[in-house]
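Let me begin by presenting the structure, written as structure tokens, before commenting on it.
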Amino acid sequence: MRVRAVHKDQCRTIREEDWVDRSRSPYAEGDILWIPVVEGAAFDREIPEKQPYTGKGFFMLGEVAVIHGKKPAGSEVEEIVKFRHPQGVLWIESLNDVTRTPSTEVLWGDVGEVRHQENGYTYFLDPQKVMFSQGNRLEKQRMAAWGNKRGRPERVADMFAGIGYFSLSIAGSGAEVHAMEINPVAFAYLERNIAANRLSDRITPSLGDCRDLLEGTYDRIVMGHFDAIGMFPAALQHAAAGSTIHLHSIGSVEDRIRADCKSAGFSPTIEVHNVKKYRPHAWHVVQDVTLQ
């Protein structure tokens, strides 16, 4: 790609110049903008076309590249660094016990606390200490759409709130959220993220076992943990006809849901949503359980 150097203070003055190739994006380098030129126009340098990335899958948390699954080879890490120029590269081997504490290894650079933006919300976290559910982005958006479905702010329980993955977007849509988290490190970030997003008037955080913290009756209960089915009976004790429970699992657990609902005196309507592929032949799913 052929480009011409323009100081950033002059970029507005050249927008209508006939030598500017508007089909391509400028490249910034300090105070200089390298503006693509049309065929035949004078240019100052030629920049190689950017090649598409085809290496190991990763996602960005702030300025840190995060990798799940099999540990990457050194060459794969080098490809990520070359392509994305992160502050650090972190491999997450597993998430352990009910607290979802990650086992990690820094593969390159520096990794510490990050400030991550997603769907208009700010999340502070240290990915070496707490998990971040990047793959749930669309599910967060779907949850946010329910905030005022009843024509009033819904009362929502987030039983496994973490650092606020679902709580922030649900409260941001207008609901009143009771956010519960058992991991003290994640809970500290939850409180910080509530304040950072100015949602203290809509989210009430509680530290401890969610089964002991549920109180009253909720319009909606979010159970964003793969072991949630084991705590489903506790959720049913704080629901009523018309309540909806969003229960996450690996693969469908509809039979157990129906059995627990019957024992609690409810007749459920269940809608199953695929969130993402968890492993070969197994999906992370959410069962929307509306009680009658």
### Query
In which sequence would Glu79, Glu139, Glu46 go, from the one with the fewest C-beta neighbours within 10 Å to the one with the most?
Glu46, Glu79, Glu139
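Counting Lys and Arg as +1 and Asp and Glu as -1, each charge on the Cβ, what is the dipole of the stretch 59-112 about the Cα centre in debye, to the nearest 20? Please report the intermediate quantities before stating the final value.
Values: 5 positive and 8 negative charges, 25 e Å.
I would put it at about 120 debye.
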### Query
Taking the Cα centre of the stretch 1-66 as the origin and placing charges on Cβ (Lys, Arg +1; Asp, Glu -1), which of Val20, Val64, Gly40 is farthest toward the positive end of the dipole?
Val64
#### Entry: Farthest toward positive dipole pole in the stretch 11-148 [+1 Lys/Arg, -1 Asp/Glu at C-beta], among Val114, Thr54, Gln141
Gln141
### Message
Restricting to bridges with both residues inside the stretch 1-136, how much of the DSSP beta-bridge set is antiparallel, in percent to the nearest 5?
### Response
85 percent
## Note on the structure
Here the gain from full extension of Asp44 to Glu93, 0.36 nm per residue of separation minus their alpha-carbon distance, amounts to 13.0 nm
### Cut-off 15 Å, label 7 Å out along Cα→Cβ of His85, residues of the stretch 31-45 by amide N
31-34
#### Entry: Student exercise, the stretch 23-153 dipole from Lys, Arg, Asp, Glu Cβ charges, in Debye to nearest 20
1020 debye
### Query
Could you give the length gained on full extension between Glu105 and Asp227, defined as 0.36 nm per residue of separation minus the Cα-Cα distance, in nm?
41.4 nm
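So if I average 1/r over every pair of distinct C-alpha atoms in the chain and take the inverse, what Kirkwood radius in Å does that give? Provide the component values of the computation, followed by the final result.
Details: mean 1/r = 0.0460 Å⁻¹.
It is 21.7 Å.
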### Query
Which is farthest toward the positive dipole end of the chain among Ile270, Ser206, Val130, measuring Cα position about the Cα centre, with Cβ charges +1 (Lys, Arg) and -1 (Asp, Glu)?
Ile270
### Task
Obtain the nm distance between the two label points defined at Thr122 and Gln141 by a simple spin-label model: each point lies 7 Å from its Cα along the Cα-to-C-beta direction.
2.3 nm
### Query
So how far apart, in nm, are the two label points at Lys129 and Asp201 if each is 7 Å from Cα heading toward Cβ?
3.0 nm
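I want the antiparallel fraction of DSSP beta bridges within the chain, as a percent rounded to 5. Provide the component values of the computation, followed by the final result.
Numbers: 44 of 64 bridges.
Bridges in the chain that DSSP calls antiparallel: roughly 70 percent.
Quick check for me: using +1 on Lys/Arg Cβ and -1 on Asp/Glu Cβ, what's the dipole size of the chain about its Cα centre, in debye to the nearest 20? Provide the component values of the computation, followed by the final result.
Values: 35 positive and 39 negative charges, 120 e Å.
The dipole of the chain has a size of about 580 debye.
Values in this text are rule-based calculations from the coordinates and carry no lab data. Source: prediction; values computed, not measured. Backbone-built Cβ (ideal geometry, glycine too); neighbour counts: all protein chains shown.
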